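Encoded as structure tokens, the structure appears first; notes follow it.
Please treat every number below as a calculation from the coordinates, not as lab data. Bear in mind the structure is a predicted one, so any value in this text is a computation, not a measurement. A quick note on method: Cβ atoms are made from the backbone with ideal geometry, for glycine too, and the neighbour counts reach across all protein chains shown.
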């Protein structure tokens, strides 16, 4: 039985991961859960259902609510006093790091954003295999994460990179001509830049094919998410940026492709359901029977692909600049974007301002002579992250003032 830790258990990835576990009785044993603490009832329900050893809550003020929810859930399930083993409750900003160190075979990191870096490193340092669902910790950590992982211990759960990993299995890297990441195009596929000037958060959050959390959905609307995936593909598979392309595929059935030197292209296709790459991440290199329904070939099927409109969606070009520069530039790209998305959702920044501001912060960072100095360390990454957030907030304030003038 595979012992599993789920970080971000109440989020989109975490809840789907537990769906996979639930559907495979006897295959996985969930030993620890970590969450922010915003949904104590759901976290308690998960903890009781899977009889976990440890529950980690980032928000220390939510600890009492989680504790009460655990007792209430046990009572709701009809267990008498003394028959339910309460999990050990860990709280505070380092709670997820401690959960990642609980002895396990696989740690699924479903924590979005830069906060996932330290738990990612902790999981790898513990000796577990890391199933990485949100790419930010790899992107900002770069070589720090790769060096901690070693061969075969970092498994991508992003559907695109899971597809690439499947297509590359057993292949000679020298035979790979290029990687092709597919993008749905988001809700504004085919729109001009000018048409997107008045986009609302509600419009940006309406993804046409995937059911994801709000931040990732907005990142998909700007295509920042695809830019992050280009950097991730470079780090995971060691392929140069000039051999990583993006193509728009609206139905999200083909998740990515590998083109080989002989002209053949390997395609991984499945319905757009994250439970498939999650199941692969939990069981890698094995497959989980019945993880999701397969494609239905009994009906006429057409797959369409379109070139990327880089003028309307410049985020991928910005990500390439950050990725090619390397060092802490990817951390700056990610941090500035997180601040800009928050400002957009809060009504303090227009939609086009997200990528415009990120590009400005990244280009300023690359032009800074100090950015190229020194080795990459956790402290440098976190300092670059914090600095980028401050500069992004200042740039947003200037943009707002300019709009009002």
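Quick look at the values:
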{"quantity": "The chain - share of DSSP beta bridges that are antiparallel (%, nearest 5)", "calculated": "30"}
{"quantity": "Exposure proxy order (Cβ contacts within 10 Å, fewest to most) of 51, 350, 373", "calculated": "373, 51, 350"}
{"quantity": "Kirkwood-Stokes translational diffusion coefficient of segment 198-294, alpha-carbon pairs, 4 °C, 1.567 mPa s, µm²/s", "calculated": "84"}
{"quantity": "Value of Rg/Rh across segment 1-93 [Cα atoms, Kirkwood radius]", "calculated": "0.95"}
{"quantity": "Residue-span extension gain [residue 390 to residue 309] - 0.36 nm each, minus C-alpha spacing", "calculated": "26.1 nm"}
{"quantity": "Within the chain, helix-based [θ] at 222 nm, where runs of 4 or more DSSP H residues each add -39,500 (n - 2.57), nearest 500", "calculated": "-13500 deg cm²/dmol"}
{"quantity": "Length-normalised contact order of the chain in % [C-alpha pairs under 8 Å, at least 6 apart]", "calculated": "15"}
{"quantity": "Share of Cα-Cα pairs in segment 134-223 lying beyond 17 Å, as whole percent", "calculated": "63"}
{"quantity": "Principal axis box of segment 314-405, alpha-carbon based, largest edge first, Å", "calculated": "42, 24, 21"}
{"quantity": "Average silhouette area of segment 312-361, convex hull of alpha-carbon atoms, in square nanometres", "calculated": "3.1"}
{"quantity": "Principal semi-axes in Å for segment 2-157 [√(5λ), Cα gyration tensor, largest first]", "calculated": "27, 16, 12"}
{"quantity": "Alpha carbon convex hull of segment 246-300, volume per residue in cubic angstrom", "calculated": "133"}
{"quantity": "Relative exposure of 90, 13, judged by other C-beta atoms within 10 Å (fewest first)", "calculated": "90, 13"}
{"quantity": "The chain: radius of gyration over Cα atoms, expressed as a fraction of 2.2 N^0.38 Å", "calculated": "0.98"}
{"quantity": "Distance from segment 123-153 to segment 1-21 (C-alpha centre basis), Å", "calculated": "18"}
{"quantity": "Protection proxy ranking of 232-244, 156-168 - average other beta-carbon atoms within 10 Å, highest first", "calculated": "156-168, 232-244"}
{"quantity": "Segment 314-405, relative contact order in percent, only Cα pairs under 8 angstrom and at least six apart counted", "calculated": "38"}
{"quantity": "Relative frequency of Cα-Cα separations exceeding 14 Å in segment 60-119, percent", "calculated": "66"}
